[in-house]
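What follows is one structure encoded as structure tokens, with my remarks underneath.
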């Protein structure tokens, strides 16, 4: 399988998390997620394994990493399309939101107040949001996101928008905590 990279995230220690669809990274077996040290060598201590494609990554202020994509297992445990890892790459078992309807999560962003904004292809995600603690709360997301042409962006004062790749705002959804 060729290396297909869909998402990158830089952690506070300079390590780079790589998400996508691949089965090797840096010459080692890694399934859809891996991490590179700041010098671009593979971090061999980070091996959470996703059983499908990872489209989106977001680093929280506490160093935890939120993943979205089209997968049903992460770190050997069931996680449908969204999950969270501790900074060391182990699965955060306290984070258990459920994406449903077999729809991928294409975009993630963490607001300054710690709320997680999800861009997914499922209409059931519309108007919902999750909190950092993983408690089941309202989640905010847009359905039918087109990841190759659009990206999720957080606007001033908590507003959420979608921006055309390389262009202006194409959709403004209002405040994510509304």
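The values are calculated or read from the model by the stated rules, or taken from the named source; none is laboratory data. Because the structure is predicted, anything quoted here is derived from the model rather than measured. We place every Cβ from the backbone using ideal geometry, glycine too, and count neighbours over all the protein chains shown.
What the table below lists for this structure:
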| item | result |
| --- | --- |
| Filter result for the condition that a residue is under 25 Å from residue 115 (Cα atoms) and buried (at least 19 other Cβ atoms within 10 Å of the Cβ), over 80, 62, 13 | 80 |
| Pairs, first without any contact (Cβ under 8 Å) to a residue 40 or more places away in the chain in segment 32-53, second loosely packed, with under 14 Cβ neighbours inside 10 Å and part of a strand (DSSP E or B), C-beta under 7 Å, six or more apart | 42/28; 44/28 |
| Check on residue 5, surrounded by fewer than 17 Cβ atoms within 10 Å (Cβ to Cβ) and either within 15 Å of the chain's Cα centre (by Cα) or assigned to a loop (DSSP other than H, G, I, E, B) (or both) | yes |
| Number of the exception - residue 38 against (1) part of a loop (DSSP other than H, G, I, E, B); (2) surrounded by 20 or more Cβ atoms within 10 Å (Cβ to Cβ) | (2) |
| So residue 113, is it surrounded by fewer than 17 Cβ atoms within 10 Å (Cβ to Cβ), touching a helix residue (DSSP H, G or I) at 6+ places or on another chain (Cβ under 6 Å), part of a loop (DSSP other than H, G, I, E, B) and at pLDDT below 85 | no |
| Subset tally (residues that are part of a strand (DSSP E or B) and closer than 26 Å to residue 111 by Cα) for segment 15-35 | 8 |
| Test set (1) over 30 Å from residue 14 (Cα atoms); (2) at pLDDT below 60; (3) surrounded by fewer than 17 Cβ atoms within 10 Å (Cβ to Cβ) - residue 146 fails condition number | (1) |
| Test: residue 22 is under 16 Å from residue 86 (Cα atoms) and more than 14 Å from the chain's Cα centre (by Cα) | no |
